[in-house]
Amino acid sequence: MTRIIAGAAGSLTLTVPDRGTRPTSDRVRESLFGALDAAGAIPGARVLDLYAGSGALGLEALSRGAASADLVEKAAAAADVTERNARTVARAVPGATVRVHRLSADAFLQSTTLRFDLVFLDPPYDLDDTALAQTLGAVGDAAEDGALVIVERAARSTEPVVPGALAPLRSKRYGDTALWWFERVDR
């Protein structure tokens, strides 16, 4: 079971796609969002959740005070689940904006004119390092200066290669999961 941990939609249960995704565990989300809360990164943020799956990361941020969340998921079955979860959370968070985009991460990044303050990437484990680096390059173009970019991958993965627009901040391992934090810096 996946749920919203805290905020206006706290304790709401989220549906998880039957297959093809791996939801971020509650333990990892609690640690991640504790750190984001401590950094003051969530209130009023424009959030982008790439490879959204259930949408749990973007919707957790929305519940905790983000102004908007754009959830990007290309797999049809997962996007259906993401839309249902987005509607559920939106009812609990009046005034917040949530949009689900049925596109690949790269197609969304190439077509958007929106800019984001907080970006989550939880790509499929089989996405190779070159493809991830390409996506991170496009994220750098869609992120505001000072934006935080969080990449979730298997702990056995190599550290993501990032373009000059993203500076590494830290990394943390949680069992089989690793999070890498980057900041969008002035070029």
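The values are calculated or read from the model by the stated rules, or taken from the named source; none is laboratory data. Quantities reported herein were computed from a predicted structural model and do not represent experimental measurements. When we count neighbours, we look across all protein chains shown, and the Cβ atoms used for this are built from the backbone with ideal geometry, even at glycine.
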> Could you say which residue among 46, 64 is of a type in the set (D, E, K, R), in contact with a Ser or Thr (Cβ under 6 Å, 6 or more places away or on another chain) and at pLDDT 95 or above?
Replying inline: 46
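Of all strands (runs of 3 or more DSSP E) completely enclosed by the stretch 64-139, which ones contain at least 3 residues that are in contact with a His (Cβ under 9 Å, 6 or more places away or on another chain), farther than 30 Å from residue 156 by Cα and not hydrophobic (A, V, I, L, M, F, W, C)?
Those strands (runs of 3 or more DSSP E) do not exist here; none qualify.
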>> Would you confirm whether or not the stretch 152-161 contains a residue that is at pLDDT 95 or above and aliphatic (A, V, I, L, M)?
In response: no
>> Which count do you get for residues in the stretch 152-186 that are over 17 Å from residue 124 (Cα atoms), loosely packed, with under 14 Cβ neighbours inside 10 Å and of a type in the set (D, E, K, R)?
In response: 3
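State all residues of the stretch 47-60 that are more than 17 Å from residue 8 (Cα to Cα) and not hydroxyl-bearing (Ser, Thr, Tyr); if no residue qualifies, say none. Write out each step before concluding.
Taking the stretch 47-60 first, the residues more than 17 Å from residue 8 (Cα to Cα) are 48-54.
Matches in the stretch 47-60: 48, 49, 50, 52, 53.
Please go through the stretch 40-78 and pick out each residue that is hydroxyl-bearing (Ser, Thr, Tyr) and farther than 16 Å from residue 90 by Cβ. Give the derivation first.
Quick first cut of the stretch 40-78, residues hydroxyl-bearing (Ser, Thr, Tyr) only: 51, 54, 63, 68.
The answer is 51, and nothing else.
Yes/no per residue for (1) within 10 Å of the chain's Cα centre (by Cα); (2) more than 13 Å from residue 121 (Cα to Cα):
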position: 23; (1), (2): no, no
position: 30; (1), (2): no, yes
position: 43; (1), (2): no, yes
position: 52; (1), (2): yes, no
position: 55; (1), (2): yes, no
position: 62; (1), (2): no, yes
position: 71; (1), (2): yes, no
position: 77; (1), (2): no, yes
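Being surrounded by fewer than 20 Cβ atoms within 10 Å (Cβ to Cβ), out of contact with any strand residue (DSSP E or B) (no Cβ under 8 Å at 6 or more places or on another chain), on the phi < 0 side of the Ramachandran plot and modelled with pLDDT under 95: is that true of residue 22 here?
Details: surrounded by fewer than 20 Cβ atoms within 10 Å (Cβ to Cβ): yes; out of contact with any strand residue (DSSP E or B) (no Cβ under 8 Å at 6 or more places or on another chain): yes; on the phi < 0 side of the Ramachandran plot: yes; modelled with pLDDT under 95: yes.
Answer is yes for this residue.
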> What is the number of the single condition among (1) of a type in the set (A, V, I, L, M); (2) out of contact with any Ser or Thr (no Cβ under 8 Å at 6 or more places or on another chain); (3) at pLDDT below 95 that residue 36 does not meet?
Replying inline: (3)
>> Where the second residue is part of a strand (DSSP E or B) and small (Gly, Ala, Ser) and the first is in contact (Cβ under 8 Å) with a residue 60 or more places away in the chain and lies in the stretch 132-152, which pairs have Cβ atoms under 8 Å and are six or more apart or on separate chains?
In response: 152/178
>> As an exercise: evaluate residue 92 against (1) of a type outside the set (D, E, K, R); (2) in contact (Cβ under 8 Å) with a residue 12 or more places away in the chain; (3) more than 17 Å from residue 3 (Cα to Cα) and give the number of the one condition it does not meet.
In response: (3)
